[in-house]
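Notes for the one structure printed next.
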Amino acid sequence: MPFSDIIGHERPKAILKAALRHDRVAHAYLFHGDSGIGKRRTAFRLAQAINCETDPAPNDPEACGVCRSCRQIEGLTHPDFVLIAPDQEQANPQIKIEDIRALEEQMIYRPLVGRRRVVVIDDADRMTLGAANALLKTLEEPPGYSVLVLVTSRPFALPATIRSRCQGLRFASQARSQVETALIAMRRVQPADARFLAAVAQGRVGEAFQTDLAEARTKQREYAAITAASSLQSVATLLSSAEALHREERSAEALEWIARWVRDLILVGTGAPTDSLLNPDQLTELQQVARQARFDVLLDLLDDIETIQRSAKRNLNLQLALETVLLRLRDAITTSNG
């Protein structure tokens, strides 16, 4: 498949295509940005462009997407393409030192059929310290016939020694309008549903395409009931909701939906257009709540939720975090101006 099937990300694509055009592909890249926005897919397209069996046009180094090499890379069967990712069956998915050592054993050999051996390490921030140190040796003395692409939504979690030895390419979330257009054209959803999915995904096109519309609508209604002013009045109800959500292993999900509602509240309070809201159907209630809300507290709360989300995999007590967020939200919107 060509780079053109990647929605947005014009700058990273232009840099990669220029490198291909001039045969200046780096030995290691670090693709970083929010999850679900196309980093991994772009890494696959780079691997296909490097090893495509069809000669590209002089000024357009795209993969054909249909030759044997392109199809094998897409199907993870190409002998010169390796994908390393955490084992999602584990309680704490990680990339272990054994995975990197196995990779090192493969990389001492020249490509079997392709121009270069391409390795994609997805969720690279999930490498253990031992695995990262093992990879560092390869990055310091890379074989000339190999290309490594590290993909991560948490570059700060990678050792600085790893980051400094890769050419970084930042992938930014796409504009909502761009995601909406793609959803209408490719997923055949109605404009209102496309707007909703784009808002839920916050410009992360991969997440927008993977989100089940009916399920997302159900969750929207469920969490709207939890953040309703009437529900927030009762501390006992909040603590009970937090406990139930945690028992169902939905604390992280709840925090995300609460953050979305808080963003809507801030947007309403600042007079933003209603088409930028995730919950336009709740506009009347949002306006009522915004009249007495403390926006300094809400902004701090959003920052704290983002911090919690970044730390969610570090033995954080998510039930306590969710309880705290709900109580702070209650304080922020039930405090009178007097």
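The values are calculated or read from the model by the stated rules, or taken from the named source; none is laboratory data. No experiment lies behind these values; they were computed from the predicted model shown. Positions of Cβ are generated from backbone atoms using ideal geometry, with glycine treated the same way; all protein chains shown enter the neighbour counts.
To keep it simple, each residue is scored yes or no on (1) at pLDDT 95 or above; (2) acidic (Asp, Glu); (3) touching a strand residue (DSSP E or B) at 6+ places or on another chain (Cβ under 8 Å).
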position: His22; (1), (2), (3): no, no, no
position: Phe31; (1), (2), (3): yes, no, yes
position: Glu53; (1), (2), (3): no, yes, no
position: Asn59; (1), (2), (3): no, no, no
Point to revise | Options Ile73, Ile37: the member that is assigned by TED's automatic domain parsing to the domain that holds Leu135, assigned to a loop (DSSP other than H, G, I, E, B), touching a Phe, Trp or Tyr at 6+ places or on another chain (Cβ under 9 Å) and not hydroxyl-bearing (Ser, Thr, Tyr) | key: Ile37
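I'd like to verify a number: residues in region 217-258 that are among the β-branched types (Val, Ile, Thr) and surrounded by 16 or more Cβ atoms within 10 Å (Cβ to Cβ), how many?
Of the residues in that region, 3 qualify.
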**Study point:** Sole exception among (1) of a type outside the set (Phe, Trp, Tyr); (2) over 21 Å from Gln174 (Cα atoms); (3) in contact (Cβ under 8 Å) with a residue 12 or more places away in the chain; (4) touching a strand residue (DSSP E or B) at 6+ places or on another chain (Cβ under 8 Å) for Asn92, by number
**Key:** (4)
Check your understanding: Among the residues of region 103-124, which ones are surrounded by fewer than 20 Cβ atoms within 10 Å (Cβ to Cβ) and not hydrophobic (A, V, I, L, M, F, W, C)?
Key -> Glu104, Glu105, Gln106, Tyr109, Arg110, Pro111, Arg115, Arg116, Asp122
Review point. So which residues in region 149-197 are out of contact with any strand residue (DSSP E or B) (no Cβ under 9 Å at 6 or more places or on another chain), assigned to a loop (DSSP other than H, G, I, E, B) and more than 22 Å from His27 (Cβ to Cβ), if there are any at all?
Key: Gln174, Ala175, Arg188, Val189, Gln190
Practice item. Could you give me the residue pairs with C-beta distances under 8 Å whose first residue belongs to region 222-234 and is closer than 14 Å to Val262 by Cα and assigned to a helix (DSSP H, G or I), whose second residue is acidic (Asp, Glu) and at pLDDT 85 or above wherever it lies, and which are 6+ apart or on separate chains? Key: Ala229/Glu285
Point to revise | Count - residues of region 99-110 that are closer than 18 Å to Tyr29 by Cβ and touching a strand residue (DSSP E or B) at 6+ places or on another chain (Cβ under 7 Å) | key: 2
Exercise for review: Kindly check whether there is at least one residue in region 216-225 that is modelled with pLDDT of 90 or more and within 29 Å of Glu10 (Cβ to Cβ).
Suggested key: yes
Check your understanding: Quick check: is even one residue across region 198-216 touching a residue at least 60 places away in the same chain (Cβ under 8 Å), more than 28 Å from Leu30 (Cβ to Cβ) and crowded, with 19+ Cβ neighbours inside 10 Å?
Key -> yes
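Could you please find all residues in region 264-279 being assigned to a helix (DSSP H, G or I), crowded, with 16+ Cβ neighbours inside 10 Å and free of Cβ contacts under 8 Å to residues at least 60 places away in the same chain?
Asp264, Ile266, Leu267, Val268, Gly269
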Point to revise | Pick from region 127-148, criterion in contact (Cβ under 8 Å) with a residue 40 or more places away in the chain and not in a loop (DSSP other than H, G, I, E, B), ranking: nearest to Gln90 (Cα to Cα) | key: Leu148
Practice item. Could you list all residues from region 3-34 that are buried (at least 20 other Cβ atoms within 10 Å of the Cβ), in a loop (DSSP other than H, G, I, E, B) and not hydrophobic (A, V, I, L, M, F, W, C)? Key: His9
Exercise for review: Read through the list (1) touching a Leu at 6+ places or on another chain (Cβ under 8 Å); (2) closer than 27 Å to Arg11 by Cβ, then give the number of the only condition that Ala132 fails.
Suggested key: (2)
